Amino acid sequence: QDAERSVDKTLVSQLQKRLAEKGLSCFPVSTIAPKNVSCLSREKHLNQLWQTLSSAQACVTDRLHGMIFCYITHTPCLALDNQNHKIRRTYETWLRKCDYIFFAQPDTAEAMLDTVLSCAPGKPVISQSDYQQLEATIRNG
C-alpha cells in the first residue's frame, strides 16, 4: 500500500480513458528506483528515467520527484496532490509560474488534462553539459 497516494483508481481510469480517446498511449513510470541500485548504476538509471519522461507528450503524476523530473526534462505535467501535500506546496512555492507544470485536485484533474496536452514538450531545463558541470561542482566541493 502506498501511504502517500490519495488519487483513487477511478480517477486514474478516467484520465487513461481521456488520453486513449485522444489517441495517446498511457503507461506507468515509477520514480522509485529498484532497491539494489548500485552507486555505479544510479546515474544510468536516472538518465533512463529522464529519457523516458522527455520522450513523453505529457505526464500525470502524484509523485514529487515525478513533477520535479518533468520540470527538469521540460515535459508538460499534471501534478496531483498526495496525502502529505508536499506536491501542492512545492508547486505553489517553486513551480507556479512554470508554463508547462500544472497542479490539480482530483475534482479538476480531468478538466486540466487538455491544458497540459496543449503544451509542447520543450528543451530540457538542464542540459547534459549543465548536468556535468553541476555534478563536477558537487563532487569536487
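Values in this text are rule-based calculations from the coordinates and carry no lab data. Values in this document were obtained by computation on a predicted structure and should not be read as measured data. Counting neighbours? That spans all protein chains shown, and the Cβs are built from the backbone with ideal geometry, glycine included.
Annotations
- Hits among lysines - C-alpha to C-alpha of residue 97 under 18 Å, sequence gap 8 or more where chains match: 86, 123
- Estimated FRET transfer efficiency (residue 94, residue 134; beta-carbon r; R0 22 Å; 0.05): 0.80
- Theoretical gain in end-to-end length, residue 14 to residue 26 [0.36 nm per residue, Cα-Cα removed]: 3.1 nm
- Cα gyration tensor shape for segment 34-87, rounded if a/c is under 1.5, else prolate or oblate: oblate
- Per-residue 3J(HN,Hα) values for segment 7-13, derived from phi via the Karplus relation 6.51 cos²θ - 1.76 cosθ + 1.60 with θ = phi - 60°, read 7, 8, 5, 5, 5, 4, 4 Hz in sequence order (x marks Gly and Pro).
- In terms of overall dimensions, the chain has a Cα radius of gyration and Dmax of 15.7, 50 angstrom.
- Here is the list for segment 77-122: trypsin sites (Lys or Arg not before Pro) lying in DSSP coil, each with at most 14 other C-beta atoms within 10 angstrom of its C-beta, are 96, 97.
- Derived scalar couplings between HN and Hα for segment 108-114 equal 10, 4, 4, 5, 6, 4, 4 Hz in order, rounded to whole Hz, by the Karplus curve 6.51 cos²θ - 1.76 cosθ + 1.60 (θ = phi - 60°), x for Gly and Pro.
- Table column - 3J(HN,Hα) (Hz), segment 67-78, Karplus curve with 6.51, -1.76, 1.60, x for Gly and Pro: 5, 5, 5, 5, 4, 4, 8, 6, 9, x, 9, 10
- Highest-first arrangement of 67-80, 50-63, 21-34, 108-121, where packing means the average Cβ count within 10 Å: 67-80, 50-63, 108-121, 21-34
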